[in-house]
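Contents: one structure, followed by commentary.
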Amino acid sequence: MSRLLRCSLCLLSISTLVIAQDSLQIDNPYEVPIYNDLAYQRYNIAIALGTPPQSFSLLFDTGSTDVWVPSPDSSGCAPSCPPGFDPAASSSIIKTNISFDARYGFTPDVAVLGSYYNDSISVAGLPSTSTAQFAVGDVPWLLFTQGTWGIFGLGSRLQEAVYSSPTSPFHGDLSATYTPLWERLGLASPSGKRKFSVWLNSQNAEKGSVQFGGEDATKYHGRLRQVPVNLWRGELADWSVNVTSVTRVRVDGSGEETKTRLTAEDYSVDFVIDTGSPNMYIPTTLYESVVAGLHATEVINGAPYVPCSLRSTSTGFLDFEFQTDAKGRRRSRYHPVKIRVPYSEIIYPFGYPVTVPPVRDVDGADMCYFGVVPQDGRIRLLGATFARSAYLVFDAENSEIRIAQAKSETGHPSLLPQIEYLRSFTSGAR
């Protein structure tokens, strides 16, 4: 989520349901499912906290770090909230007496306020992590309507609210940070490494996976290439890497490709790879090149729309290139790693997301949500519409992200059974 509001849509997929591991093929230790709730533009991971365990399904987010769950009767939904976490109901909970103040938004003005605790946490059935630090936060109305009912963060220590929040008594004090839960899971894995691998799978697949401490060569093509993460004062601040080229690829009826480079030859711009964001947020000048010839609408409902006929794989691709790390070897031996993103993976099905009315043009033709949004400013994101096409190894040990073209499976994303239940929370305007 990169501490930003995921978009201006009213995303209402508040999920406290823990989904059983079932059909996903998992052969690796510490690999667990993440669930594609495409209709609400989010990926979820199941966790259970406390004694006895209280279960939640949280937004899977490489753009922030804290794991937080909602407090009962949060201000954004009281008095009719979905179940929240009750600290008094856990016999193993430890109060830290440290306040929690996480800010979200392109201008961080939406706050989740609460307190940090320590307790046991089990992630998707993995062995419990004892005295893990997490927060219980009051969910404001704006986040609630956008579907945020708790977050599982997988960022760096510098993104923890205890360090980054201006209201924290430990603001800027790295010694006051804690080991993030994802790091503890990596250290507990057979490899003992502070890394995790993300495979979102295709847009129409029900689920992907995350593997803590390891990686799975059956889920990508070719070999992984090392892309250095941008550091801040020598520290890992977020999962930011430099994009060195974006190319539009069009394919004619005979399969012949026509390539148009959309960026300058010396282009090198930092983007955060953020699974908590449903879209790519890119500079307006680049966006205009990306949508050229696609008959895109103005931005409405938080994103542009294009004709649904463009969901065909024949529409073409966007190729993103990242400079690999030479690691002291001759740079001439290294080439950028390229990830090919089909337009069919960027364009959502007609009627999605389901929280806004379907869009049609003046002639009544179906228009589909386009998961690339113009955004000028210091925040640039490669969200799920990029990450579905890449296999990503987030490696804090080496301050790098290893990237390869993802293999994908087909399927059908499940609509969580609480959809109608959740719609009841939004039947009246506030």
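The values are calculated or read from the model by the stated rules, or taken from the named source; none is laboratory data. Just so we're clear, the structure is a prediction, and the values are computed from it rather than from any experiment. Methodologically, a virtual Cβ is constructed for each residue, glycine included, from the backbone with ideal geometry; neighbour enumeration extends over all protein chains shown. Each accessible area value is taken on the protein alone, full model and side chains, heavy atoms only, with ligands, DNA and RNA left out. Shrake-Rupley method; radii C 1.70, N 1.55, O 1.52, S 1.80 Å.
Quick check on my filter: what residues within region 324-346 are modelled with pLDDT under 85, at negative phi and open to solvent by 70 Å² or more (accessible area, probe 1.4 Å)?
Hits for region 324-346 are 329, 330, 331, 332, 333, 335.
Here is a check on your reading of the model: is residue 298 of a type outside the set (Gly, Ala, Ser) and buried (at least 18 other Cβ atoms within 10 Å of the Cβ)?
Spelling it out, it is not the case that residue 298 is of a type outside the set (Gly, Ala, Ser) and buried (at least 18 other Cβ atoms within 10 Å of the Cβ).
For residue 321, are the conditions met, namely being among the charged types (D, E, K, R), out of contact with any Gly (no Cβ under 8 Å at 6 or more places or on another chain) and modelled with pLDDT under 95?
Considered against the rule, which asks whether it is among the charged types (D, E, K, R), out of contact with any Gly (no Cβ under 8 Å at 6 or more places or on another chain) and modelled with pLDDT under 95, residue 321 comes out as no.
Within region 124-145, is there a residue that is crowded, with 18+ Cβ neighbours inside 10 Å, out of contact with any strand residue (DSSP E or B) (no Cβ under 8 Å at 6 or more places or on another chain) and either touching a residue at least 24 places away in the same chain (Cβ under 8 Å) or acidic (Asp, Glu) (or both)?
Yes, because at least one residue in region 124-145 is crowded, with 18+ Cβ neighbours inside 10 Å, out of contact with any strand residue (DSSP E or B) (no Cβ under 8 Å at 6 or more places or on another chain) and either touching a residue at least 24 places away in the same chain (Cβ under 8 Å) or acidic (Asp, Glu) (or both).
Filter the strands (runs of 3 or more DSSP E) completely within region 23-76 down to those with at least 2 residues that are at pLDDT 95 or above, in contact with a strand residue (DSSP E or B) (Cβ under 8 Å, 6 or more places away or on another chain) and more than 30 Å from residue 271 (Cβ to Cβ).
Here the list reads 42-49, 54-61.
Of everything in region 310-320, what is open to solvent by 20 Å² or more (accessible area, probe 1.4 Å) and under 13 Å from residue 346 (Cα atoms)? Give them in sequence order.
310, 311, 312, 313, 315, 317
Kindly establish whether residue 300 is under 30 Å from residue 145 (Cβ atoms), modelled with pLDDT of 90 or more and either under 25 Å from the mean Cα position of the chain (by Cα) or of a type in the set (Ser, Thr, Tyr) (or both).
Judged against the criteria, residue 300 is not a match.
Looking for whichever is among the charged types (D, E, K, R) and buried (at least 22 other Cβ atoms within 10 Å of the Cβ) here; the options are 360, 388. Which one fits?
388
Is one or more of the residues making up region 126-143 outside any strand (DSSP E or B), of a type in the set (Gly, Ala, Ser) and at pLDDT 95 or above?
Checked against the condition, which is being outside any strand (DSSP E or B), of a type in the set (Gly, Ala, Ser) and at pLDDT 95 or above, region 126-143 yields at least one hit.
Please determine, by comparing only the residues of region 260-274 that are within 18 Å of residue 229 (Cβ to Cβ) and assigned to a loop (DSSP other than H, G, I, E, B), which one is least open to solvent (accessible area, probe 1.4 Å).
274
To keep it simple, each residue is scored yes or no on (1) in contact with a Gly (Cβ under 8 Å, 6 or more places away or on another chain); (2) assigned to a strand (DSSP E or B); (3) at pLDDT 95 or above; (4) open to solvent by 10 Å² or more (accessible area, probe 1.4 Å).
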| position | (1), (2), (3), (4) |
| --- | --- |
| 243 | no, yes, yes, no |
| 247 | no, yes, yes, yes |
| 250 | yes, yes, no, yes |
| 254 | no, no, no, yes |
| 258 | no, yes, no, yes |
| 276 | yes, no, no, no |
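For region 218-241, how many residues are of a type in the set (Val, Ile, Thr) and open to solvent by 60 Å² or more (accessible area, probe 1.4 Å)?
Looking only at that region, the number is 1.
Do the conditions hold for residue 81, that is, is it among the hydrophobic types (A, V, I, L, M, F, W, C), open to solvent by 10 Å² or more (accessible area, probe 1.4 Å) and assigned to a loop (DSSP other than H, G, I, E, B)?
Yes, satisfied.
Condition (residue is open to solvent by less than 20 Å² (accessible area, probe 1.4 Å) and among the acidic types (Asp, Glu)) applied to region 182-194: is it met by at least one residue?
Yes, the conditions are met somewhere in region 182-194.
When both residues are 6+ apart or on different chains and their Cβ atoms are under 6 Å apart, which pairs have a first residue that lies in region 54-72 and is more than 26 Å from residue 401 (Cβ to Cβ) and open to solvent by 10 Å² or more (accessible area, probe 1.4 Å), and a second that is at pLDDT 95 or above and among the charged types (D, E, K, R)?
71/138; 72/86
Within region 110-123, track down each residue that is open to solvent by 20 Å² or more (accessible area, probe 1.4 Å) and either more than 29 Å from residue 166 (Cα to Cα) or modelled with pLDDT under 95 (or both).
111, 122
Return the pair list, or none, for Cβ contacts closer than 8 Å from residues in region 40-51 that are more than 16 Å from residue 70 (Cβ to Cβ) to residues that are charged (D, E, K, R) and open to solvent by less than 10 Å² (accessible area, probe 1.4 Å), at least 6 apart or on different chains.
Qualifying pairs under 8 Å: 41/6; 43/37; 51/119.
Of all residues in region 144-169, count the ones that are part of a helix (DSSP H, G or I) and either under 29 Å from residue 229 (Cα atoms) or not aromatic (Phe, Trp, Tyr) (or both).
Total satisfying the criteria: 8.
Could you say which residue among 131, 96, 62 is within 25 Å of the chain's Cα centre (by Cα) and among the polar types (S, T, N, Q)?
Selected residue: 62, the only one of 131, 96, 62 that is within 25 Å of the chain's Cα centre (by Cα) and among the polar types (S, T, N, Q).
Examine region 210-217 for a residue that is open to solvent by less than 20 Å² (accessible area, probe 1.4 Å), touching a helix residue (DSSP H, G or I) at 6+ places or on another chain (Cβ under 8 Å) and assigned to a strand (DSSP E or B), and state whether such a residue exists.
Yes - at least one qualifying residue is present in region 210-217.
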